[in-house]
Amino acid sequence: MRSWGRLGGGAGRAGSADVATKKTKKTKKPTKTKKTKEAGQEIMNETAIVNARVFDGERVLDDTTVVLDGSHILRVGGPIPAGAAVVDAAGATLLPGLIDAHVHTSVEGLELALAFGVTTELEMQGMFTRDRRGHVTENDRMADVRSAGFGITPPGGHPSELMGGGDDDHDEAPWEDGDAAEDAAFWADVVMPFSTTPAEAVAFIPRLAESGSDYIKFMIDDGTVEGAPGLPVLDDATISAGVAEAHRLGLLTVAHTLTVDATASAVAAGIDGLVHLFMDQPHTAGIVDAVAASGAFVVPCVVLNASMMGIPATALAADPRVAARLDDAWMATLRSSYDRYPQGSLDDVLASVKALHDAGVDLLVGTDVSFPLPTLGGMAHGASVHHELQLLVTAGLTPLEALRAATSVPARRFALTDRGLIREGLRADLLLVDGDPTQRISDTLNVRQVWRRGAPLLPGASRSDA
Ligand SMILES: [Zn+2]
């Protein structure tokens with residue numbers, strides 16, 4: 001995780017999802033399958049996307065037509081139904097909506113993500129647990145979300161080191177406001193799983209599950225690359241007991257690990273996924289083999305590692321396709337960096353990505369994007385998914401492999417069985433881009449249209465009635 005600014009810092013400073021709910025209701029546009037009566041006959045609300053190059057999440061299809069039935073995919077290939085709205089996608093590529101497998105988000109972040117074709121964000125510490133996201137689930141103007149809730153860490157452990165310091169208001173997330181009573185109610189049922197012993201961690205697992213965590217996150221960080229060495233850190237016995245209890249309850253487990261040692265601990269405990277890639281040293285055959293043998297997936301978040309080394313996302317910010325969609329605060333954030341581990345080597349990180357990929361490890365696109373604060377710099381919601389895709393190709397994945405890492409692979413590893421592929425019956429979460437990102441990865445930024453549950457996000461420039 002990277003932190004999410006002040007939000008995680010304790011009572012009284014909470015960003016209010018209740019407030020966000022009120023705001024979003026105004027723009028809510030339900031777009032489930034509609035049936036309209038015409039001449040006494042019921043007609044389905046069908047849309048046919050035609051003449052597209054279709055990347056279905058795994059490969060490029062021979063079919064060039066995808067038919068939507070309201071919120072879902074009715075058919076891939078086949079005839080255009082009579083009465084369907086037709087979208088001519090000539091010159092463009094249709095992909096499953098992208099998935100960012102490591103975020104800390106907000107309503108604003110989810111809206112921004114969708115504008116960049118990211119239809120699902122997976123929160124790795126945050127508030128969007130199962131019972132707290134109804135306003136997101138039903139609103140097709142923003143990305144969908146899943147959440148770990150809060151991660152298991154010792155008192156004073158990571159990310160505490162990012163929460164302290166000063167009380168000036170310059171680093172608050174912009175949607176924070178301070179109604180103390182509302183904040184207290186907002187935080188009342190949030191599980192903060194501070195644990196030092198195996199028994200404590202085990203006891204928190206069912207509580208996290210009941211409070212709506214979609215997966216269980218373990219923070220394993222002694223501060224080495226955070227500029228805060230000596231942080232209290234979960235010991236191996238606590239991690240192992242917690243992972244075992246989560247598995248007993250059928251829950252997926254993920255770990256925050258930025259060093260080789262922390263990675264080895266998580267893997268030894270039987271973790272299902274690593275939501276960072278170590279950056280304290282070059283990979284060794286030993287650690288690569290250990291990860292591969294364990295079957296764990298890795299969300300490298302190369303964009304975050306670069307930012308940790310003091311490398312801002314300058315080139316991304318200069319891309320007009322990015323700049324056109326970001327406000328000043330996000331642009332300033334992209335152009336800044338965490339800068340906590342300048343001695344790190346981005347080349348080493350890219351080589352580690354390639355080595356894991358070559359060893360057969362599932363890689364997932366993730367960013368660790370959070371809030372528009374320069375101290376959390378180098379990332380912006382949605383935009384940084386495209387940056388990460390480019391970096392995975394730089395590391396040596398083919399464009400097709402990188403695209404799988406943002407679609408079918410995260411869907412499979414997080415058991416999101418209704419998305420991540422263009423298949424009959426799945427959600428119509430789709431991205432249409434000009435060009436061919438299966439050959440040139442940067443074409444993913446040529447966003448022509450985004451559909452979430454079949455609802456087009458952008459004005460229907462390419463939509464016409466047949
Ligand atoms: Zn994070």
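The values are calculated or read from the model by the stated rules, or taken from the named source; none is laboratory data. Because the structure is a prediction, the values reported are computed rather than measured. Heads up, the Cβs are rebuilt from the backbone with ideal geometry, glycines too, and the neighbour counts pull from every protein chain shown.
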Problem - Tally of residues being buried (at least 24 other Cβ atoms within 10 Å of the Cβ) and outside any loop (DSSP other than H, G, I, E, B) across the stretch 101-131 - result: 14
Practice task
Search the stretch 413-448 for residues being part of a loop (DSSP other than H, G, I, E, B) and acidic (Asp, Glu), and hand back the single one that is surrounded by the most Cβ atoms within 10 Å (Cβ to Cβ).
Solution key: ASP429
Practice task
Look at the stretch 279-326 and say how many of its residues are more than 16 Å from the ligand (Cβ to nearest atom), farther than 16 Å from VAL353 by Cα and touching a residue at least 40 places away in the same chain (Cβ under 8 Å).
Solution key: 9
Practice task
Out of ALA201, ALA266, report the one residue that is more than 16 Å from the ligand (Cβ to nearest atom), touching a helix residue (DSSP H, G or I) at 6+ places or on another chain (Cβ under 7 Å) and assigned to a helix (DSSP H, G or I).
Solution key: ALA201
Completion exercise
Out of (1) surrounded by 24 or more Cβ atoms within 10 Å (Cβ to Cβ); (2) in contact (Cβ under 8 Å) with a residue 60 or more places away in the chain, the one ALA405 does not meet is (2)
Practice task
Quick one: ARG419 ticks every box in (1) over 17 Å from PHE55 (Cα atoms); (2) touching a residue at least 24 places away in the same chain (Cβ under 8 Å) except a single one, so which number is it?
Solution key: (1)
Practice task
Go through the residues of the stretch 89-100 one by one and say whether even a single one is touching a residue at least 60 places away in the same chain (Cβ under 8 Å) and within 16 Å of the ligand (Cβ to nearest atom).
Solution key: yes
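Kindly indicate which of VAL76, VAL107 is within 18 Å of ARG452 (Cα to Cα), outside the structural domain of ALA143 (by TED's automatic domain parsing) and either away from the ligand (no atom under 16 Å from the Cβ) or of a type in the set (Phe, Trp, Tyr) (or both).
VAL76
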Exercise for the section: Select, from GLY83, GLY91, the only residue that is surrounded by fewer than 22 Cβ atoms within 10 Å (Cβ to Cβ), assigned by TED's automatic domain parsing to the domain that holds GLY454 and within 22 Å of THR407 (Cβ to Cβ). Expected result: GLY91
Exercise for the section: Test THR444 against the stated conditions and say whether it is out of contact with any Gly (no Cβ under 8 Å at 6 or more places or on another chain) and either among the polar types (S, T, N, Q) or at positive phi (or both). Expected result: no
Exercise for the section: Looking only at the stretch 387-398, decide whether some residue is touching a Gly at 6+ places or on another chain (Cβ under 8 Å) and either touching a residue at least 24 places away in the same chain (Cβ under 8 Å) or under 13 Å from LEU304 (Cβ atoms) (or both). Expected result: yes
Practice task
Determine which member of the set SER307, SER294, SER213 is surrounded by fewer than 24 Cβ atoms within 10 Å (Cβ to Cβ) and either under 26 Å from ARG412 (Cα atoms) or within 23 Å of the chain's Cα centre (by Cα) (or both).
Solution key: SER294
Completion exercise
Of the residues in the stretch 224-258 that are in a loop (DSSP other than H, G, I, E, B) and within 15 Å of the ligand (Cβ to nearest atom), the one that is nearest to HIS158 (Cα to Cα) is GLU226
Fill in the blank from the handout: Exactly one of PRO399, PRO372, PRO410 is at pLDDT 95 or above and touching a Phe, Trp or Tyr at 6+ places or on another chain (Cβ under 7 Å), and that residue is PRO372
Handout entry: Unique match (being among the hydroxyl-bearing types (Ser, Thr, Tyr) and within 16 Å of the ligand (Cβ to nearest atom)) among THR438, THR444, THR407, THR375
Key = THR375
Problem - Tally, over the stretch 133-159, of residues that are crowded, with 21+ Cβ neighbours inside 10 Å and modelled with pLDDT under 95 - result: 3
Practice task
Could you please give the count of residues in the stretch 327-369 that are more than 16 Å from the ligand (Cβ to nearest atom) and hydroxyl-bearing (Ser, Thr, Tyr)?
Solution key: 3
